[in-house]
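Novice: First the structure, then my questions, so here it is.
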Amino acid sequence: MSERTKVHRAPHKESFDPVAARSIVERAFIANVAIVIGGQPYSLPVACSPYGKELLLHGSTASRLFKHLSEGAPACITITHLTGLVLARSSFESSMHYESLMALGSARIIEGEEKVSALEILTDHLFPERRSELRASTEKEIKATTILAFPLTEISVKISQGQPDDPESDLGADVWAGILPITTNYGVAIPADNLRPGLPIPDYIARWVIG
């Protein structure tokens, strides 16, 4: 944490637990990356993966966002996991359960053999056990891809949890109150239209879990 990442609004939700921070990163598939280009702020979702004390970011070499990130431009990255709705007895007190992480810093571009290894790590994070049956990426495909490592040293973590915080004057109202959990899961796999007939759904997909 730094002065820049100190939580000012609802500071009781701030977490300094490194295990909680790591859990947020390890469950993330998408990070929202914010950057200022020509005085205009932009925020875009980017595929991501944990990478030691850094976060891998995957994009195209033609991407304006990634061109600026590759030049070391300062950025802000956020990851959010929505875990529930808090249904209070008023709209004002109703809220959400979530786990979020914000990181400030500048990315470094990954090249050479480290780039190939980082791309494999990203693939394994997004599609566990699948890489062994895929064809290898071509040199052209690797050149068309930018992979960056963003530091996770200057971060802020917020975790919102707990019961509805209704004022005592609302407790007698005949309005249901409580928690509605939100979960994310994989659905039933849908074969591609041009799939060769008879190819079964891989067994490993049944082992994929989120969270």
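The values are calculated or read from the model by the stated rules, or taken from the named source; none is laboratory data. Because the structure is predicted, anything quoted here is derived from the model rather than measured. Don't worry about glycine lacking a Cβ; one is built from the backbone with ideal geometry, like all the others, and counts go over all protein chains shown.
Novice: List the pairs whose first member sits in region 142-164 and is within 22 Å of L180 (Cα to Cα) and of a type in the set (A, V, I, L, M), whose second member is buried (at least 19 other Cβ atoms within 10 Å of the Cβ) and modelled with pLDDT of 95 or more, and whose Cβ atoms are under 9 Å apart, counting only residues at least 6 apart or on separate chains?
Specialist: What qualifies is I159/I24; I159/E99.
Novice: Also, I was wondering about something else. Restricting attention to region 1-29, and to residues there that are of a type outside the set (K, R) and without any contact (Cβ under 8 Å) to a residue 40 or more places away in the chain, which single residue is nearest to T80 (Cα to Cα)?
Specialist: Looking only at region 1-29, we keep the residues that are of a type outside the set (K, R), and these are 1-3, 5, 7-8, 10-12, 14-21, 23-26, 28-29.
Filter again for without any contact (Cβ under 8 Å) to a residue 40 or more places away in the chain, leaving 3, 8, 11-12, 18-19, 26.
Details: E3: 21, H8: 18, P11: 17, H12: 18, P18: 16, V19: 16, E26: 12 Å.
Filtering first and then ranking leaves E26.
Novice: Let me ask you something else. In this structure, is I179 farther than 24 Å from P50 by Cα and either within 26 Å of the chain's Cα centre (by Cα) or not in a helix (DSSP H, G or I) (or both)?
Specialist: Taking the combined requirement at face value, the residue satisfies it.
Novice: Answer yes or no: is there a residue in region 146-158 that is under 24 Å from A75 (Cβ atoms), under 22 Å from the mean Cα position of the chain (by Cα) and in a helix (DSSP H, G or I).
Specialist: no
Novice: Sticking with this structure for a sec: Contact list please: Cβ distance under 9 Å, first residue in region 107-133 and closer than 19 Å to K53 by Cα, second residue of a type in the set (F, W, Y) and surrounded by fewer than 16 Cβ atoms within 10 Å (Cβ to Cβ), pairs at least six apart or on different chains.
Specialist: Between residues of region 107-133 that are closer than 19 Å to K53 by Cα and residues that are of a type in the set (F, W, Y) and surrounded by fewer than 16 Cβ atoms within 10 Å (Cβ to Cβ), the close pairs are H125/F29; L126/F29.
Novice: May I ask you to list pairs of residues, at least six apart or on different chains, whose Cβ atoms are under 6 Å apart, with the first in region 52-73 being at positive phi and the second being modelled with pLDDT of 95 or more and of a type outside the set (K, R)?
Specialist: So the pair list comes out as G72/S106.
Novice: For region 106-124, check the following and say yes or no: at least one residue is assigned to a strand (DSSP E or B) and not β-branched (V, I, T).
Specialist: Checking region 106-124: at least one residue is assigned to a strand (DSSP E or B) and not β-branched (V, I, T).
Novice: Out of the residues in region 182-206 meeting the condition of being among the aliphatic types (A, V, I, L, M), assigned to a loop (DSSP other than H, G, I, E, B) and under 30 Å from the mean Cα position of the chain (by Cα), tell me which one is farthest from R130 (Cα to Cα).
Specialist: Selected residue: I182.
Novice: How about region 84-101: which of its residues are closer than 28 Å to F29 by Cα and crowded, with 18+ Cβ neighbours inside 10 Å?
Specialist: V86, H97, E99, L101
Novice: Based on this model, can you work out whether S169 counts as outside any loop (DSSP other than H, G, I, E, B) and exposed (fewer than 11 other Cβ atoms within 10 Å of the Cβ)?
Specialist: Here the answer is yes, as S169 does meet what is asked.
Novice: Given the structure, is I35 of a type in the set (V, I, T), outside any strand (DSSP E or B) and at pLDDT 95 or above?
Specialist: Against the criterion (of a type in the set (V, I, T), outside any strand (DSSP E or B) and at pLDDT 95 or above), I35 does not qualify.
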